[in-house]
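Enquirer: Input: one structure, supplied below.
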Amino acid sequence: MTRGLYKNIFVSVFRSTLFCIWLSLTSSLAAQDEKKGSSNATMVSGQPILVGGNHGVGPIASIGISSTPLGYAFVYGGERPDIFVSSDRWYPGFHLYKYIKDTPEGVPIFSSPIEVAVPELSELEDHSLQDHSTAGYIFQIANGDIFGIWVRHREIVVARFDPKDLCFDVESRISLAGLPRLPRAATASLDDNGQLTLFLSVSNDTLYKPTLVHHRNSAYRPFDGSGIWMGGIPRDAVYRATLSFSDQTQSAKATEIVSHENGEQFGINGMAILENEGDPRLVLGTMLGGLHTLSEFMPGDAGTTIYKRPIVDSNGISIRHPETWTNVIAYPSRNSNSMDVLASGEGGMYYYQRIRVNDLHDRIVYKPMGEVQQASAELFGGTLVVPNIVDWNGDGQLDIVAGNSQGFLLFFENVSKISRPLFAPPQRIAAAGEFVHIQGQYSSIQGPGEARWGYTCPNVYDWNEDGLLDILMNDVRGIHTVYLNLGTKTRPRLASGKPMYLEDLDMHGSWRTRPAIDTLDSHKVYITLNDEDQFHLYYQVDAFNLKEGRKLLLEDGSPIHANFLSAGGRGRTKFESVDWDQDGDFDLIVGTPRHGTVPVADQSGLPWSRNKAGATVLLLENKGSNQKPAFAYPKMLHHRGQPVHLGQHSCSPATAFFSGKPDLIVGTEKGRLIYYQHENISWE
C-alpha cells in the first residue's frame, strides 16, 4: 500500500464511533484474558499447560506446526491493528488475533485465537481458502472494509470480511494467466487510483531429493563421496500481476520480475511491502530464515535492475530469522510512521522493529524484539518440544528444561510458591556465554533444505556426580553431546558442549533421540538407539566416554526395534527411564513418531499398526531386573480410557513427581506441554 492509503486508513478508523466502542470492549476483554491466564494456570489432566505468572502472557503459540500471518486490519478498533493468521496442512485453520496492548518493551500482545470461517474454492480447484497451499493476503481499504485475496494456479479469489459473523464471503473470482505452477506466497499493494498489484512467489520444477532410490530406503545416499548434495536445489521466482480493484470482473496476467536464478533457494515463504520514506521495498522471507528486500519492483520499472539486499540489524549484519519456513507481514509501528515486521515459521511469531535512523544507503535496519505475545497463553516451547522435569535453579520447585526443532534449549521456571506448579514463559539457555542453537547445516541427514533445523533432545542429569544438573542430548546431527554445569545449584552455568565417545569414536546411532539416563546399582547408564535403530544400553566410563553395554531385549529375547522406515525415517524416539510400577526395577516410557513400530521393524508394531493414528507414548515394563532387564510387549498410553495420539511427527514424555506417584508431561509437535495425572493414566 502507499503512504497516502495508510494515512486514510488510520484517519478513517480513529474517527469511527463504532471503532471507539470496540476499543472499549477490547480493553475489557484484555483484562478478562489476563485475569483468566493468571487464575486458570492450574494443570488440568489431558490439557495443555497454561502460562503461570506474568498475568498469563506468553509467546504466541501457533495453531499447528507452523503459522502464516496473512495481514492486519483494525477489526476491533485497538490502538494497533489485529492480525489474520493461517495454519498449516497438518492442522488447517484460519484465525483472527485481537490486539490488546504492548509489552513494556513495545512488543504487541494479542488475544487468544478467534476462529474465522472461509469458504471453499471452486469445484475445479477443490480447496478451502484456509488451505496452506493457497497463497493469501489480507488488507483493509480506506473506508474500513477488509478484504482477503487468495491465489491459486489459475484463479484469484477476492473475499470480503464480515466482522459480525467472523467469515470471509467470496465476491469475485478472477482468471489468472502466466503462472507456471501453484504460487507459494502472496502480498499486494493498492494505490490511490484503485490499482491492485499482486506479488507472488513461484517455485521452479527442480526436484529436491535424489531420485535413484526412495528417500526412505536403506540404500538412499543423498550425498556423493565428496559430501556434495546429489539432489536439486529448488528456487523461487517472483511474479507480478495488476488489476483494477474496483472492477474485479476482468482477468489478470502474471509476469516474472525476478527469475528463479536470481530468486531464493528452497523457497520464498512470505512477502510483505514496506514503505521506506517513499521508496517501497518488497520483503522476502525464505525457507531457511533469510530476510531480504527488493527495490524497483513496482509497475513502470521495466528495464530497471531489481536489487536484492538483506535486512540488517543496527550493526549492519544480515538478520537471519531463528525459524524455518519464514513468513512475513508488514505491521504498523507504534507511532505509525514506519512499518515493522511480524515473522513466523516452524515455531512462534517474532517482532522486528524498524530503526530508520540507522538505515544504510542501500539496506534497511530492523531490531529483533523477540517473540510476539499472547494473553491467556498456553505454555509454548517451540515445535517438537522435548521436556524434562527437574529443579533447574535449586529453589525446591520442579521446573521444565526443554529442547525443540529450532535447536534451542529452554528453561521454564516454576514460579509457584505453593505445591501447585506455575510455569513461566521460556528463557533460552546459554552454554559458554552463548545461547545454545544447534543447526543441521548443509550436511543435514535429509539434505541442505533442512540446514536450519536443530531437533535438540536433552536429558537433564547429574552426569559427573558433582551435585549439579548437566545436560546430555542428541540432535539433528545424530551427535551425542554433554554440557557440564560449572555453576551452582541456584545459578547453573553450562560449559560448551563436548562430544561423547564410544570406544574412541564419537558416539553414533539414530538421530533425534532423547536418551534415557539412570543410575542402576551405582552404575550410570545411557539408553538410546544404536546403529541398527534398536534399543541399546551403554555404561558410563567418565563424563565424556561410554562403553558397550547390551541391546535391550523383550522377554522372548528379541531385540526392540523402533521404526519400519529407513534413512531419515529412523530415530526420533524419546526415552525416559523410571520405575513406573514401583517394583524397584526401571521401566521405559517411550515417545514415538507416527511411523514408529516398536518393538519390530515392520508395520505390525506400535503405534503404526493402530490405524496409523499418530505419535504416542508407550510403556515397556521391565519384567526382569536392573541387572538383567527383559521388557514386556509395549502398551499404549490411555487417558481416562481413551488412546492418546499426538500428531504426525513425534512426541516426548517426561515423568514428573509432583506427588508420590509419577505423572507425565508430554511435549507435542505443536510445541504444547500436555499434563497427564497418574490416576488418569492406563496402559493398553
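Enquirer: Could you give me the residue pairs with C-beta distances under 6 Å whose first residue belongs to segment 144-169 and is under 20 Å from His95 (Cβ atoms), whose second residue is outside any strand (DSSP E or B) wherever it lies, and which are 6+ apart or on separate chains?
Expert: Trp150/Leu129; Trp150/Thr134; Pro163/Val75; Leu166/Val116; Phe168/Val118
Enquirer: Considering every residue within segment 358-376, establish whether at least one is within 18 Å of the chain's Cα centre (by Cα) and crowded, with 24+ Cβ neighbours inside 10 Å.
Expert: Yes: segment 358-376 contains one or more residues that are within 18 Å of the chain's Cα centre (by Cα) and crowded, with 24+ Cβ neighbours inside 10 Å.
Enquirer: While we're looking at this one, here's another question. Of the residues His649, His645, which single one is under 29 Å from Tyr91 (Cα atoms) and at pLDDT below 95?
Expert: His649
Enquirer: Looking only at segment 183-222, filter to residues that are part of a strand (DSSP E or B) and in contact with an Asp or Glu (Cβ under 8 Å, 6 or more places away or on another chain); which one of those is most open to solvent (accessible area, probe 1.4 Å)?
Expert: The residue in question is Arg184.
Enquirer: From Tyr455, Tyr461, Tyr442, Tyr483, which residue is open to solvent by 60 Å² or more (accessible area, probe 1.4 Å) and aromatic (Phe, Trp, Tyr)?
Expert: Selected residue: Tyr442, the only one of Tyr455, Tyr461, Tyr442, Tyr483 that is open to solvent by 60 Å² or more (accessible area, probe 1.4 Å) and aromatic (Phe, Trp, Tyr).
Enquirer: Residues of segment 59-106 being open to solvent by less than 10 Å² (accessible area, probe 1.4 Å), outside any loop (DSSP other than H, G, I, E, B) and touching a helix residue (DSSP H, G or I) at 6+ places or on another chain (Cβ under 8 Å), which ones?
Expert: Tyr99, the sole residue that qualifies.
Enquirer: Could you list, in sequence order, all residues of segment 414-439 that are over 25 Å from Ser344 (Cβ atoms) and either of a type in the set (A, V, I, L, M, F, W, C) or crowded, with 16+ Cβ neighbours inside 10 Å (or both)?
Expert: Passing the criteria: Asn414, Val415, Ser416, Ile418, Pro421, Leu422, Ala431, Ala432.
Enquirer: Now for a different question. Being within 29 Å of the chain's Cα centre (by Cα), over 29 Å from Ile438 (Cβ atoms) and open to solvent by 40 Å² or more (accessible area, probe 1.4 Å), is that true of even one residue in segment 612-619?
Expert: Yes - at least one qualifying residue is present in segment 612-619.
Enquirer: Here's a follow-up. When you go through (1) in contact with a helix residue (DSSP H, G or I) (Cβ under 7 Å, 6 or more places away or on another chain); (2) in contact (Cβ under 8 Å) with a residue 40 or more places away in the chain one by one for His595, which number turns out not to apply?
Expert: Just one mismatch for His595, condition (2).
Enquirer: Also: Among the residues of segment 633-650, what is the count of those that are part of a loop (DSSP other than H, G, I, E, B), open to solvent by less than 10 Å² (accessible area, probe 1.4 Å) and either in contact with an Asp or Glu (Cβ under 7 Å, 6 or more places away or on another chain) or among the hydroxyl-bearing types (Ser, Thr, Tyr) (or both)?
Expert: 1
Enquirer: Let me ask you something else. Any residue that is open to solvent by less than 40 Å² (accessible area, probe 1.4 Å), of a type in the set (Val, Ile, Thr) and on the phi < 0 side of the Ramachandran plot - is there at least one of those in segment 232-251? Write out each step before concluding.
Expert: Taking segment 232-251 first, the residues open to solvent by less than 40 Å² (accessible area, probe 1.4 Å) are 232, 234, 236-239, 241, 243, 245, 248.
Keeping just the survivors that are of a type in the set (Val, Ile, Thr) gives 238.
Narrowing further to those that are on the phi < 0 side of the Ramachandran plot: 238.
So far as segment 232-251 goes, yes, one or more of its residues are open to solvent by less than 40 Å² (accessible area, probe 1.4 Å), of a type in the set (Val, Ile, Thr) and on the phi < 0 side of the Ramachandran plot.
Enquirer: Right, here's the next one. Mind listing whichever residues of segment 377-386 are in a strand (DSSP E or B) and open to solvent by less than 20 Å² (accessible area, probe 1.4 Å)? Steps first, please.
Expert: First, pick out the residues of segment 377-386 that are in a strand (DSSP E or B): 378, 380, 386.
Once the filter is applied, which keeps residues that are in a strand (DSSP E or B) and open to solvent by less than 20 Å² (accessible area, probe 1.4 Å), segment 377-386 yields Phe380, Val386.
Enquirer: Sticking with this structure for a sec: If I ask for residues that are free of Cβ contacts under 8 Å to residues at least 40 places away in the same chain and over 19 Å from Asp583 (Cβ atoms), which ones from segment 626-644 would you list?
Expert: Gln642, Val644
The values are calculated or read from the model by the stated rules, or taken from the named source; none is laboratory data. The structure presented is a predicted model; accordingly, all values stated were derived computationally and were not measured. Positions of Cβ are backbone-derived with ideal geometry, glycine not excepted, and every protein chain shown enters the neighbour counts. These accessible areas exclude ligands, DNA and RNA; they are computed on the full protein's heavy atoms, side chains included. Shrake-Rupley method; radii C 1.70, N 1.55, O 1.52, S 1.80 Å.
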